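What follows is a single structure, written as C-alpha cells, with notes after it.
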Amino acid sequence: MTDNSDGCYEVVWPKSERMSELRPLAPRLQNLNGVKVAQLWDFLFRGDEVFEALEDALRERFPGIEFISWREFGNTHGEDEAQILAVLPRRFKELGIGAWISGMGC
C-alpha cells in the first residue's frame, strides 16, 4: 500500500487496450416509409406502453411504416437472452426487417 500522507494517490486508467478495429456505421435510412421495424424489449419498465406511443408517433410521420412487435422476439434480457440474441440476424432477414428499436428499462 502506498503512503498517501503527502496528498498524492496512485491512479489507474480504467480504459483497456482496443481489442477490435472500428468499423464504419451502416448508412442511415432516409425515411421509414415502407420499412419493417422490429421492436426489441427486455420486459422491464412499461415497454408495452412505450412501443405503443412510438408506433403512433412514427405512423403519423411515416404512414407506410410497419412494425413487428416485441412479442414476436421474446425477452432480450431474460433466461433465454443468449439464444434470442443469437438468432436475431437470421430472424430479421427472414422477416425483412429494415430497422429496429431496442427498448430497455432500468
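Coordinate-derived values only; no laboratory data. Because the structure is predicted, anything quoted here is derived from the model rather than measured. When we count neighbours, we look across all protein chains shown, and the Cβ atoms used for this are built from the backbone with ideal geometry, even at glycine.
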Meets criteria (of a type in the set (Asp, Glu), in contact with a strand residue (DSSP E or B) (Cβ under 9 Å, 6 or more places away or on another chain) and part of a helix (DSSP H, G or I)) for residue 48
yes
Selection from the range 52-98 of residues more than 21 Å from residue 28 (Cβ to Cβ) and among the aromatic types (Phe, Trp, Tyr) yields 70, 73
Quick one: would you say residue 55 is within 24 Å of residue 79 (Cα to Cα), within 19 Å of the chain's Cα centre (by Cα) and charged (D, E, K, R)?
no
Failed condition for residue 101, given (1) of a type outside the set (Phe, Trp, Tyr); (2) buried (at least 16 other Cβ atoms within 10 Å of the Cβ); (3) farther than 25 Å from residue 25 by Cβ; (4) in contact (Cβ under 8 Å) with a residue 60 or more places away in the chain, with all others met?
(3)
Answer yes if at least one residue in the range 76-97 is touching a Gly at 6+ places or on another chain (Cβ under 7 Å), of a type in the set (S, T, N, Q), surrounded by 10 or more Cβ atoms within 10 Å (Cβ to Cβ) and in contact (Cβ under 8 Å) with a residue 12 or more places away in the chain, and no otherwise.
no
